[in-house]
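The values are calculated or read from the model by the stated rules, or taken from the named source; none is laboratory data. Everything numeric in this text was worked out from a predicted model, so none of it was measured. Using ideal geometry, Cβ is built from the backbone for each residue, glycine included, and neighbour counts are taken over all protein chains shown.
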Amino acid sequence: MISQTMSGKTILFLVTEDWYFWSHRLPVARAARDAGAKVVVVCRVNKHADQIRAEGFELWDAPIDRTGINPLKDITTLWFLWNTYRAVRPDLIHHVATKPVLYGSLIAWLTGVPAILNAMAGLGYLFISQGMKARLLRGIFQKLLVTLCNRKNTALVVQNRDDQQTFLSQGVRAEQIVVIRGSGVDLDRYHATDEPDGTPVALCVSRMLWDKGIGELVEAARRLKEKNVPIKVRLVGGTDINPSSIPQEQLDLWHEEGVIDFAGHSNDVVGEYARAHIAVLPSYREGLPKSLLEAASCKRPIVSTDVPGCREICVDGESGILVPVKTSRELADALETLALDKDLRVKMGAKARQLAEDEFATPHIVRQTTQVYSDLLK
């Protein structure tokens, strides 16, 4: 039935970066293509153009800046989207993240796109920050989003129940909201491995942002070092164009101090988890963090914060240990507990893998998403 609904249709993905489409949305796009749909990807093109085109997808290079509000740049973006949507004439558009959802939904409404799926992959800086600018933009965004998402043939997809309640409280109708928990994890690629010998390694795979809790993690590592707890804390990930980004100089100072091991960006996340014993992400808020899904799939126990998104995959006392947000002492205690107890690590790691298999495997997420496509296209 889903294949019949999508056959001959044009489905357009609007995301900010080609790497994000490739890492998070590729399986769903493939499913749409295999069901007979034409797939068009609109994003800022950097390194993945050849790979995207090799999948048989049409690719448009968009002048879209995923952070900040620059009137000149944003007018250019809106004009580009206007011309692109009119040229492609998609049957359904899948917008991903704050700016594509806001700008894309506005232009889709003005150009008469029949069906829209707005995916909020977490409520990030705009919702977390308490700065005056963020609060002002948050208010504007919320009002526009409620209006645009309550239109006919529009679905708002969120990744956890907390975000669902947030949008319900703002006025988005319940029938418009669908909860799909994450973007899925490839169980074959992120295969389960037993932990290695040696000193336990707590691995944080993340963009290096303050609101990922990196500052608290460094402080926790410092506490553990002062107590001579046998553990190494390793950071894997790069800096980012984001108001919350940690300067490279600060990361280098921490590394030189010896309190953490900063590795920078890695193309071998599977290998990183294979060499680690614990996954840690003390984020302030998430949709459903892909790095923790990958850690769970690799059979690693998790230490994370008791916030939306993180507690979906880090089930306290089962697949990991939850700690209060923005605290370093409790974070250090949780890491120490796992560092000193191999049996507990093994038990929680096995539970994490089972959770990934039962609830977060890519086929589950693809099936749920394509069902939303089918419902909208009907």
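Looking only at region 45-63, which residues are charged (D, E, K, R) and at pLDDT below 95?
Lys47 - this is the single residue of region 45-63 that is charged (D, E, K, R) and at pLDDT below 95.
Search region 337-350 for residues that are in the same structural domain as Ser319 (by TED's automatic domain parsing) and of a type in the set (Lys, Arg) and pair each with any residue that is part of a helix (DSSP H, G or I) and at pLDDT 95 or above when their beta-carbon atoms are under 6 Å apart and the residues are at least 6 apart or on different chains.
Hits for this filter: Arg345/Leu338.
Looking at this structure, is Gly258 touching a helix residue (DSSP H, G or I) at 6+ places or on another chain (Cβ under 9 Å), closer than 24 Å to Leu340 by Cβ, small (Gly, Ala, Ser) and without any contact (Cβ under 8 Å) to a residue 60 or more places away in the chain? Spell out the reasoning first.
On the way: touching a helix residue (DSSP H, G or I) at 6+ places or on another chain (Cβ under 9 Å): yes; closer than 24 Å to Leu340 by Cβ: yes; small (Gly, Ala, Ser): yes; without any contact (Cβ under 8 Å) to a residue 60 or more places away in the chain: yes.
Here the answer is yes, as Gly258 does meet what is asked.
If I ask for residues that are part of a helix (DSSP H, G or I) and either within 26 Å of the chain's Cα centre (by Cα) or in the same structural domain as Ala121 (by TED's automatic domain parsing) (or both), which ones from region 309-336 would you list?
Listed by number, the residues that qualify are Cys310, Arg311, Glu312, Ile313, Glu330, Leu331, Ala332, Ala334, Leu335.
Given the structure, is Ala62 in contact with a strand residue (DSSP E or B) (Cβ under 6 Å, 6 or more places away or on another chain), over 30 Å from Ala361 (Cα atoms) and surrounded by 15 or more Cβ atoms within 10 Å (Cβ to Cβ)? Show your work before the answer.
Details: in contact with a strand residue (DSSP E or B) (Cβ under 6 Å, 6 or more places away or on another chain): yes; over 30 Å from Ala361 (Cα atoms): yes; surrounded by 15 or more Cβ atoms within 10 Å (Cβ to Cβ): yes.
In short, yes.
Those residues that are more than 12 Å from Ser183 (Cβ to Cβ) and touching a Lys or Arg at 6+ places or on another chain (Cβ under 8 Å), I need them from region 9-31; list them, please. Walk me through how you get there before you give the answer.
Initial filter on region 9-31 (more than 12 Å from Ser183 (Cβ to Cβ)): 9-14, 16-19, 30-31.
Lys9, Thr10, Ile11, Phe13, Thr16, Glu17, Asp18, Trp19 - these are the residues of region 9-31 that are more than 12 Å from Ser183 (Cβ to Cβ) and touching a Lys or Arg at 6+ places or on another chain (Cβ under 8 Å).
Would you kindly identify the strands (runs of 3 or more DSSP E) lying entirely within region 1-115 that contain at least 3 residues that are of a type outside the set (Gly, Ala, Ser) and farther than 21 Å from Gln371 by Cα?
Strands (runs of 3 or more DSSP E) meeting the threshold: 38-44, 58-61.
Quick check on region 285-300: of everything there that is outside any helix (DSSP H, G or I) and at pLDDT 95 or above, which residue is surrounded by the most Cβ atoms within 10 Å (Cβ to Cβ)?
Of all residues in region 285-300, those outside any helix (DSSP H, G or I) come to 285-289, 298-300.
If we keep only those that are at pLDDT 95 or above as well, we get 298-300.
On the way: Cys298: 27, Lys299: 24, Arg300: 30.
The extreme case among them is Arg300.
How many of the residues in region 173-210 are β-branched (Val, Ile, Thr), assigned to a loop (DSSP other than H, G, I, E, B) and more than 24 Å from Phe262 (Cα to Cα)?
Residues of region 173-210 that are β-branched (Val, Ile, Thr), as a first pass: 177-180, 185, 193, 199, 201, 205.
Within this subset, residues satisfying the condition of being assigned to a loop (DSSP other than H, G, I, E, B) are 180, 193, 199.
Among the residues that remain, those that are also more than 24 Å from Phe262 (Cα to Cα) are: 180.
The number of residues fulfilling the criteria is 1.
Give me the pairs: first residue in region 351-378 and among the β-branched types (Val, Ile, Thr), second residue surrounded by fewer than 21 Cβ atoms within 10 Å (Cβ to Cβ) and part of a helix (DSSP H, G or I), beta-carbon distance under 8 Å, and six or more apart or on different chains, which are they?
Thr362/Pro27; Ile365/Pro27; Val366/Pro27; Thr370/Ile2
Any chance region 28-42 includes a residue that's under 19 Å from the mean Cα position of the chain (by Cα) and modelled with pLDDT under 95?
No - not one qualifying residue is present in region 28-42.
Can you find even one residue in region 188-197 that is over 16 Å from the mean Cα position of the chain (by Cα), among the aliphatic types (A, V, I, L, M) and not assigned by TED's automatic domain parsing to the domain that holds Arg25?
The answer is yes, given that some residue of region 188-197 is over 16 Å from the mean Cα position of the chain (by Cα), among the aliphatic types (A, V, I, L, M) and not assigned by TED's automatic domain parsing to the domain that holds Arg25.
Where residues in region 242-262 are assigned to a helix (DSSP H, G or I) and surrounded by 20 or more Cβ atoms within 10 Å (Cβ to Cβ), which of them is nearest to the chain's Cα centre (by Cα)? Spell out the reasoning first.
Quick first cut of region 242-262, residues assigned to a helix (DSSP H, G or I) only: 248-257.
Cutting the leftovers down to surrounded by 20 or more Cβ atoms within 10 Å (Cβ to Cβ) gives us 251, 254.
On the way: Leu251: 22, Trp254: 26 Å.
Out of the qualifying residues, it is Leu251.
Glu312: at pLDDT below 95 and in contact with a Cys (Cβ under 7 Å, 6 or more places away or on another chain), yes or no?
no
Go through region 345-378 and give me each residue that's hydrophobic (A, V, I, L, M, F, W, C) and out of contact with any strand residue (DSSP E or B) (no Cβ under 9 Å at 6 or more places or on another chain). I'd like the intermediate steps shown before the answer.
Of region 345-378, the ones hydrophobic (A, V, I, L, M, F, W, C) are 346, 348, 350, 352, 355-356, 360-361, 365-366, 372, 376-377.
Within region 345-378, Val346, Ala350, Leu355, Val366 qualify.
Can you name the residue in region 263-279 that is buried (at least 21 other Cβ atoms within 10 Å of the Cβ) and part of a strand (DSSP E or B) and is also farthest from the chain's Cα centre (by Cα) among such residues?
Here the answer is Ile278.
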